[in-house]
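Right, one structure below, let's go through it.
The values are calculated or read from the model by the stated rules, or taken from the named source; none is laboratory data. Note that the structure is a prediction, hence the values are computed from the model and not measured. Here Cβ is always computed from backbone atoms with ideal geometry, including for glycine, and neighbour counts include all displayed protein chains.
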Amino acid sequence: MKRNALIMGASGDIGSACAYELAAAGFSLYLHYFKNQERISQLQRDLTERYPNQDFFMVSLDMKNLDAVPQFCQQLFALDTIVFAQGGSWYGLVSQMPQASMAELWQVHLETPVLLLQHLEKKLAQASLGRVIFIGSLYGEVGSGLEAYYAAVKSAQVGFVKSYAQEVATLGITANVVAPGAVQTHLLNQFSSEELGALQKELPLLRLARPEEIAYFVGVCAAEKASYLTGSVLNVNGGWH
Ligand SMILES: NC(=O)c1ccc[n+]([C@@H]2O[C@H](COP(=O)([O-])OP(=O)(O)OC[C@H]3O[C@@H](n4cnc5c(N)ncnc54)[C@H](OP(=O)(O)O)[C@@H]3O)[C@@H](O)[C@H]2O)c1
C-alpha cells in the first residue's frame, strides 16, 4: 500500500531522522520547514536520490501564524500520517519569561498542530489507516526547572493525544507520543559543552540519544501493524527519569 506522511519540522534533527526512517519504510513525504530552506532542499535531494520511486515535496509554514494553516493544507493531497517534530524551548526563570514566548511555545507545540489536524483529519480517515505522532518530551512528565512553560506544553501534548486518540479511534486513526529524554540536536546548542558533559554524566547510558534512535519509534507508531497502539506515550529516554 502506498503511504504518505507529512513531517512537521523535517528541517530539524529529529524531524530529518524521521524522514529517513519513513522513507526507508516506503513513504512519500511532505517535508515541512520554517526557515531552514537549505537543509530541507538538501534532504529532499538526498531522499530523491535514494528512493527515486517515492515523492518528496518541501512545504513551509511559520507555526506562529495560525491564519496560514488553511492555505498550507491546500497544498497537501493524499495523506495518512502526520509527525509533529517541530519546535524549540525557552530557557530561563518563569518570572522573566516574556508573554510572547509563552504564546509562541503554545502555538508551535499545540495550537497549530491541532488546527492542522482539524483540516487534515478527513484525509487521514479516508486513508484506510491514519497515524498521528507527536514528538513530546520527558519534561512533559517530570517537569524541568528553567523550562517550565516548555514542560507545560509538552504535558499538554500528552493530554491532547490521549483524548484525541479516543475521538478518532473508530476512524482508523491512531495518535501517540514519542517522548525523548535528551537528544543530540540543534535544540541543545544553547548549552555549553561543560553543561552537556554534566548532563551526560547523569544519564544511565552516559550519552545523549541520537536522533535516529527516536525516529525508530516514530517508524514503529507509523507502521501498518501498529493498529492497536493508540493514546500511548512511548518513553525513549535511555532510562533517564
Ligand atoms: N533535542 C532534544 O533533546 C529533545 C528532547 C525532547 C523533545 N524534543 C522535541 O523534539 C522536537 C524536535 O526538536 P529537535 O531537537 O529536532 O530541534 P531542532 O533540530 O532545533 O529542530 C526544530 C524544528 O522546529 C522547526 N521550527 C522552529 N520554530 C518553528 C516555527 N515557528 N514554525 C514552524 N516550525 C518551526 C524548525 O524549522 P527551521 O529549522 O526550518 O526553522 C526545525 O525544523 C521538538 O518538539 C522538541 O521539543 C527534543
Somewhere in segment 119-135, is a residue part of a helix (DSSP H, G or I), under 16 Å from the mean Cα position of the chain (by Cα) and within 15 Å of the ligand (Cβ to nearest atom)?
no
Restricted to segment 53-63, and to residues that are under 17 Å from residue 10 (Cα atoms) and out of contact with any His (no Cβ under 9 Å at 6 or more places or on another chain), which residue is surrounded by the fewest Cβ atoms within 10 Å (Cβ to Cβ)?
62
Does residue 187 fit the bill of being surrounded by fewer than 18 Cβ atoms within 10 Å (Cβ to Cβ), of a type in the set (A, V, I, L, M) and under 23 Å from residue 6 (Cα atoms)?
yes
Selection count where residues are closer than 19 Å to residue 143 by Cα and modelled with pLDDT under 95, scope segment 172-189:
2
If residue 185 meets every condition in (1) within 14 Å of the ligand (Cβ to nearest atom); (2) out of contact with any helix residue (DSSP H, G or I) (no Cβ under 6 Å at 6 or more places or on another chain); (3) touching a residue at least 60 places away in the same chain (Cβ under 8 Å) apart from one, which number is that one?
(2)
Name the residues in segment 36-56 that are away from the ligand (no atom under 15 Å from the Cβ) and in contact (Cβ under 8 Å) with a residue 12 or more places away in the chain, would you?
47, 50, 51, 54, 55, 56
All conditions in (1) among the polar types (S, T, N, Q); (2) more than 15 Å from the ligand (Cβ to nearest atom); (3) surrounded by 15 or more Cβ atoms within 10 Å (Cβ to Cβ) are true of residue 16 except (2)
Quick test of your reading of the structure: residue 33 fulfils all but one of (1) away from the ligand (no atom under 11 Å from the Cβ); (2) closer than 30 Å to residue 192 by Cβ. Name the failing condition by number.
(1)
Would you say residue 241 is surrounded by fewer than 18 Cβ atoms within 10 Å (Cβ to Cβ), of a type outside the set (Lys, Arg), within 16 Å of the ligand (Cβ to nearest atom) and under 17 Å from the mean Cα position of the chain (by Cα)?
no
If you check 91, 150, which single one turns out to be within 15 Å of the chain's Cα centre (by Cα), aromatic (Phe, Trp, Tyr) and within 13 Å of the ligand (Cβ to nearest atom)?
150
Test result for residue 7, crowded, with 20+ Cβ neighbours inside 10 Å and touching a residue at least 60 places away in the same chain (Cβ under 8 Å)
yes
Check whether at least one residue in segment 159-176 is buried (at least 16 other Cβ atoms within 10 Å of the Cβ), within 12 Å of the ligand (Cβ to nearest atom) and within 14 Å of the chain's Cα centre (by Cα), and report yes or no.
no
For segment 66-111 the number of residues that are among the aromatic types (Phe, Trp, Tyr) and either more than 28 Å from residue 4 (Cα to Cα) or buried (at least 19 other Cβ atoms within 10 Å of the Cβ) (or both) is 4
Given the conditions (1) free of Cβ contacts under 8 Å to residues at least 40 places away in the same chain; (2) outside any helix (DSSP H, G or I), every one holds for residue 103 apart from (2)
Only one residue in 66, 138 is within 12 Å of the ligand (Cβ to nearest atom) and in contact with a strand residue (DSSP E or B) (Cβ under 9 Å, 6 or more places away or on another chain), so which one is that?
138
For segment 1-51, name all the residues that are aliphatic (A, V, I, L, M) and over 15 Å from residue 80 (Cα atoms).
10, 14, 17, 24, 40, 43, 47
